[in-house]
Amino acid sequence: MTTALRPAPSARNVAFAVIRDVFGPQARGAAESLDRHLRASSLDARDRAFVTELAYGTIEQRRWLDWQLEPYLGARAAKLPQMIAEILRLGTYQLRAMRVHEYAAVSESVQLARRFGHPGTAGLVNAVLRRVSTDPERPLSEADFGSPDDLLGTRFSLPTWLVRMWRERFGAARLEAILAGVNGPAATGLSIDRRKGTRDEAMLRLAEHGIAALPSAFAPDVIIVPGNVPTPALREALGDRAEVHAEAACFPVDLLDPQPGQRILEACSGRGNKTLQLASAIAGRGTIVAIDSDARKIARARTRLAAAEIASVELRTGDVCALDGSETFDSILVDAPCSGIGIVGRQPEARWRKVPDDGARLAPQQRALADAAALALAPGGRFVYAVCSTDPREGEGVIAPFLAAHPQLERAALPERYAPFATPDGDVLVPPGIDGRDGFYIAVIRKR
């Protein structure tokens, strides 16, 4: 195995440090850890790109890497010290996924094993990776797995329960496209600040800076930028005319259809992504009340709103479920806390931190938020419930009993452009991974 790719020796140390952070006691996020270690390094742009691919790929492809290593480790795999197992995965990813130079991948993995183990474990790492470097990639055969979902879970390095859930949710015909898409690059979305120009004008500015862009076929204030265009390049082209915001994450505000002059409630407003989108839609004519229980997120949203010169938002730190109906709103958006299985492709470690009962655990809180919204919704008002999850327990499992308990509420008709995502009940269900989108469930409700 040969290649021209020969990063500086310290690049692998940085990648391994990220993996230790993610799977160590602190359980840091990969992006946070990578940023911290790259800031402390003197690596050039080429080596930083190598570190990013190596760290993220080794984290994401954990299950597939263990499958590749199994013939060389057998029963020993369960008894290996964790750091040695991580080093073997790091080396195997280089050899079988990145196709880097054999000597560099093996020798530096052995050095890491000496540092975090002992001469015996260093010898094991050397012997195993020598075999990995010379043997062909281990194929996947149905005979080796208990079910088709086990096989696909190994092939795409995802938990079997998640593969099974998506098979049941979206059908076998779309399953492999979803799994491949989740492992592929997520599309970059831009939400246009309509106070400062049109989408066409923003696309023209991007084109002038050599950045290809497409209009969203669904949200009229959203641009999709294919490829991995750095955020600073987008900022240089557009300035403060747009915010980076994934396309499907913009659908809830579009479906809410906020109008100038309305009184709008945003529940679980977070750091202000959808708050900015709402403010853009009403252009300062109306009032937005944004509530979140996390004071740090509210502080971040306040900073962003000030930078955008938006004064029509009242930020509150508090519990949305404490709303008692004493104040009412024309439009309400509940972007509920959820399992996040619709966005597992955006963070490489996310797939390993989800568990099958997340949806059941979170559904009562989601239902309580919907009930609070029902109390605060004015007659004739519109309410959107959204989760970045495709778990039916967080979607229809919340909304069906909610509507049964609130006969004054009913589903609103969806705009025709959302027909590709419409469920038989009239909700929106966006499959993850397809065309680089995140997975979302969205219900649009109106009060009679």
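Quick one: work out the % antiparallel among DSSP beta bridges in the chain, nearest 5. Please report the intermediate quantities before stating the final value.
Values: 22 of 42 bridges.
Taking every DSSP beta bridge within the chain, about 50 percent pair in antiparallel fashion.
Can you order the peptides 371-377, 207-213 by their average number of other Cβ atoms within 10 Å per residue, highest first?
Packing order, densest peptide first, comes out as 371-377, 207-213.
Got a sec? Charge dipole of segment 211-333, +1 on Cβ for Lys and Arg, -1 for Asp and Glu; which of A281, A237, F329 is way out at the positive end?
Farthest towards the positive end: A237.
Please give the calculated 222 nm ellipticity per residue for the chain, where each DSSP H segment of at least 4 residues contributes -39500 (n - 2.57) and the sum is spread over every residue; nearest 500 deg cm²/dmol? Mind dumping the intermediate values first?
On the way: 18 runs with 207 residues, N = 448.
Calculated mean residue ellipticity at 222 nm is -14000 deg cm²/dmol.
Can you give me the angle between helix 30-39 and the longest principal axis of the chain, using Cα atoms only, in degrees from 0 to 90, rounded to the nearest 10?
The angle comes out near 70 degrees.
Using Cα pairs under 8 angstrom and six or more residues apart, how large is the relative contact order of segment 338-448, in percent? All intermediate terms of the calculation are to be shown ahead of the outcome.
Values: 172 pairs, mean separation 37.5, N = 111.
Normalised by residue count, the contact order of segment 338-448 is 34 percent.
Expected output is a single nm value to one decimal: the length gained when fully extending between E176 and R316, i.e. 0.36 nm times separation in residues minus the C-alpha distance. What is it? Could you put the intermediate results ahead of the total?
Details: separation 140, 0.36 × 140 = 50.40 nm, distance 4.30 nm.
So the chain would gain 46.1 nm between E176 and R316.
Which of these values of percent of Cα pairs over 35 Å apart was calculated from the structure shown: [x] 37; [y] 64; [z] 49?
Read-out taken from this structure: [x].
Just check segment 110-258 against the gyration tensor rule for me: Cα atoms, a ≥ b ≥ c as the square roots of the eigenvalues, rounded for a/c under 1.5, and otherwise prolate or oblate depending on whether a/b exceeds b/c. Each step should come with its number before you reach the end.
Numbers: a/c = 3.31, a/b = 1.75, b/c = 1.89.
Cα axes put segment 110-258 in the oblate bin.
What part of the accessible area of the chain, given as a whole %, is carbon or sulfur when the probe is 1.4 angstrom? Provide the component values of the computation, followed by the final result.
Working: 9940 of 19200 Å².
Ligands and nucleic acids excluded, carbon and sulfur reach 52 percent.
Taking the alpha-carbon distance from K274 and a cut-off under 26 Å, which lysines remain once sequence neighbours fewer than 8 residues away in the same chain are dropped?
Leaving aside lysines fewer than 8 places away in the same chain, those within reach of K274 are K196, K297, K354, K447.
Does segment 224-307 come out rounded, prolate or oblate, given a ≥ b ≥ c as the square roots of the eigenvalues of its C-alpha gyration tensor, rounded meaning a/c under 1.5 and, failing that, prolate meaning a/b above b/c? Could you put the intermediate results ahead of the total?
On the way: a/c = 1.78, a/b = 1.44, b/c = 1.24.
Cα axes put segment 224-307 in the prolate bin.
Run the numbers on the chain and let me know its relative contact order in percent, using alpha-carbon pairs under 8 Å that are six or more apart.
Values: 791 pairs, mean separation 58.7, N = 448.
Here the relative contact order equals 13 percent.
Which cross-chain or sequence-distant (5 or more) residues have an amide H under 5 Å from the amide H of F440, H modelled 1.01 Å from N in plane?
Under 5 Å from the amide H of F440: V430.
Going by a ≥ b ≥ c, the root eigenvalues of the Cα gyration tensor, does segment 8-66 fall in the rounded group (a/c under 1.5), the prolate group (a/b larger than b/c) or the oblate group?
Oblate.
About the Cα centre of the chain, what is the dipole size in debye to 20, counting +1 per Lys and Arg Cβ and -1 per Asp and Glu Cβ, all else neutral?
Details: 56 positive and 54 negative charges, 223 e Å.
Computed charge dipole of the chain: roughly 1080 debye.
How large are Rg and Dmax for segment 327-407 when calculated on the C-alpha trace, in angstrom?
Rg, Dmax (Cα atoms, Å): 14.0, 44.
Output the 0 to 90 degree angle, nearest 10, between the alpha-carbon long axis of helix 295-307 and the longest principal axis computed from the alpha carbons of the chain.
Result, in degrees: 70.
Got the relative contact order for segment 63-206 handy, in percent, Cα pairs under 8 Å and 6 or more residues apart? Don't jump to the answer; show the numbers that get you there.
Working: 101 pairs, mean separation 29.0, N = 144.
Computed over segment 63-206, the figure is 20 percent.
So between E410 and D144, what do we pick up on full extension, going 0.36 nm a residue minus the alpha carbon distance?
90.9 nm
Accessible area per residue for segment 67-223 in Å², computed with a 1.4 Å probe and the full protein assembly in place, what is it?
On the way: 7220 Å² over 157 residues.
Using a 1.4 Å probe on heavy atoms only, each residue of segment 67-223 averages 46 Å².
I'd like the orientation of helix 273-282 relative to the chain: the angle between its Cα long axis and the longest Cα principal axis, in ° from 0 to 90, rounded to 10.
Between helix and principal axis, roughly 30 degrees.
What Kirkwood hydrodynamic radius do you get for segment 33-149 when you take the inverse of the mean 1/r over all pairs of distinct Cα atoms, in Å? The partial results should precede the final answer.
Values: mean 1/r = 0.0661 Å⁻¹.
Across segment 33-149, the inverse of the average 1/r is 15.1 Å.
In sequence order, what are the phi-derived ³J(HN,Hα) couplings for segment 195-210 according to the Karplus relation 6.51 cos²θ - 1.76 cosθ + 1.60 with θ = phi - 60°, rounded to whole Hz, with x for glycine and proline?
6, 10, x, 8, 5, 4, 5, 5, 5, 5, 5, 4, 4, 5, 9, x
The values are calculated or read from the model by the stated rules, or taken from the named source; none is laboratory data. Source: prediction; values computed, not measured. Here the Cβ is made from the backbone with ideal geometry for all residues, glycine too, and neighbour counts use every protein chain on show. For accessibility, only protein heavy atoms count, side chains too; no ligands or nucleic acids. Shrake-Rupley method; radii C 1.70, N 1.55, O 1.52, S 1.80 Å.
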